[in-house]
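Here's the structure, in structure tokens; my notes come after.
The values are calculated or read from the model by the stated rules, or taken from the named source; none is laboratory data. All values reported here derive from a predicted model rather than from experimental measurement. FYI the Cβ positions are ideal-geometry reconstructions off the backbone, even for glycines, and counts take in every protein chain you see. For accessibility, only protein heavy atoms count, side chains too; no ligands or nucleic acids. Shrake-Rupley method; radii C 1.70, N 1.55, O 1.52, S 1.80 Å.
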Amino acid sequence: MTPLIIANWKMHATIDETVKLLTEIRFSLNNPDGVEVVFAPPFTALYSAHIALQETNFKLAAQDLFWELEGPYTGEIAGSFLKDVGCHYVIVAHSERRRSFGETDEIANKKVRAALTQDLIPILCIGETDAERKSNQTMEVLQKQLKRDLQEIAMSDLKNFVVAYEPVWAIGTGNNATVEQVEEVHSFIRNTLAKMYDAPTASRIRIIYGGSVKGDNAFSLLHTKNVDGLLVGGASLIPEQFIKICQSKES
Ligand code: PEP
């Protein structure tokens, strides 16, 4: 499976800044082989990013979508609009959305369905809080999220699907999960998916890790069993860091 490296720029980067960052990264990475690199700038910069990335192998993701297809939902963005500006992927239920915007597993499930309907590949984010890890609830929490977020999603819909394991305590804190923690959780996620669907389906789903990934820990995380890629926040806004992360499969 080709490893997937996703740059989540969160609420950073104007159009000018987006084009400047992409130009710098694109110049140094120059259509990398052996990894799939995806950028998720803010909605407002997606179209300019699409133009800046034309004739490259880089792909685009949106950071969120609304679950309805169209209608009177002021301020919301439909999956079809994301397709329209060149997105292949969409991040669903990032922990910042769960925490700051009250996104529940029910909402995550609706958003996964909406993404699939629009032929967008969902990047479903799951992860435990610090308190949940400390009280030994990690696996239970992750299992619940997977079951609820994928409720009534058919096996045939999971041909292209990404699960991002993002421990909440590791996001933006500088404290990445250890290789041992990541390996344990990723095999648990794979096994849970195999039980929910079947082993071939579970093995096709890319399970990526996110949480304080940087240039100097990307190599070990990316070479951990059952890690099919990385979701990178802060470090993806620093070209030298992100370039190093994208090159770490080879180094
Ligand atoms: C993220 O935004 O998904 C993330 C993992 O952020 P950071 O890399 O900054 O921890």
Quick one: how many residues across the stretch 92-125 are farther than 21 Å from Glu152 by Cβ and either open to solvent by 80 Å² or more (accessible area, probe 1.4 Å) or of a type in the set (A, V, I, L, M, F, W, C) (or both)?
2
Residues that are of a type in the set (Val, Ile, Thr) and either in a strand (DSSP E or B) or open to solvent by less than 10 Å² (accessible area, probe 1.4 Å) (or both), drawn from the stretch 241-251:
Ile245
Using the structure shown, decide if Lys225 is modelled with pLDDT of 95 or more, open to solvent by 30 Å² or more (accessible area, probe 1.4 Å) and touching a helix residue (DSSP H, G or I) at 6+ places or on another chain (Cβ under 6 Å).
yes
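Could you check the stretch 132-240 for helices (runs of 4 or more DSSP H) lying wholly inside it with 1 or more residues that are within 14 Å of the ligand (Cβ to nearest atom)? Break it down stepwise before answering.
Numbers: elements: 138-149, 179-196, 199-204, 218-222.
Result: 179-196, 218-222.
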Of the residues Thr14, Thr56, Thr18, Thr74, which is closer than 21 Å to Gln118 by Cβ and hydroxyl-bearing (Ser, Thr, Tyr)?
Thr74
Note on the stretch 20-32: residues surrounded by fewer than 18 Cβ atoms within 10 Å (Cβ to Cβ) and more than 19 Å from Glu250 (Cα to Cα) are Lys20, Thr23, Glu24
Select from the stretch 93-114 the residues that are closer than 18 Å to Ile207 by Cα, not hydroxyl-bearing (Ser, Thr, Tyr) and not in a loop (DSSP other than H, G, I, E, B) and list them in ascending order.
Ala108, Asn109, Val112
Could you tell me how many of the residues in the stretch 1-19 are within 19 Å of the chain's Cα centre (by Cα), open to solvent by 20 Å² or more (accessible area, probe 1.4 Å) and free of Cβ contacts under 8 Å to residues at least 60 places away in the same chain?
2
